[in-house]
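K.L.:
Pasting in a structure now, in structure tokens, and then I'll have a few things to ask.
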Amino acid sequence: MNTTRQNPDAMNVRVEGCLSTARCGERLRVRGLRENCAFAGRLRELGFCDSVEVCKIADHGVCLCQVLGSRVALARELANDVLVERVA
């Protein structure tokens, strides 16, 4: 099994945008993290891994999300590095 992580920026993946630009209340799926993200490891530890569903709860200076049963607040700069798509 190939365990190499591929970056959505480099692949032909339908990415609708980043977490910071999504609307509050939307159900989203993480498609990956930007290649140049300095905190990619920490974001994955917080639950922002490929294919995980996220719900954006609020956006008041920080981006508040529900991920894996926990609420997580991210600075807008970090939310820009989380690539997402809408879940139908």
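The values are calculated or read from the model by the stated rules, or taken from the named source; none is laboratory data. Quick caveat, the model's predicted, so the values are computed rather than measured. What goes into the accessible areas is simple: the full protein's heavy atoms, side chains included, and nothing from ligands, DNA or RNA. Shrake-Rupley method; radii C 1.70, N 1.55, O 1.52, S 1.80 Å.
K.L.:
Largest first, what is the accessible-area ranking of Glu85, Glu45 with a 1.4 Å probe? Display every interim value, and only then the final one.
P.N.:
On the way: Glu85 20, Glu45 135 Å².
Highest to lowest solvent-accessible surface, that is Glu45, Glu85.
K.L.:
Take every Cα pair under 8 Å in the stretch 16-59 that's 6+ residues apart, average their separations, divide by the length, and report that relative contact order as a whole percent. Mind dumping the intermediate values first?
P.N.:
Values: 43 pairs, mean separation 25.5, N = 44.
Relative contact order here is 58 percent.
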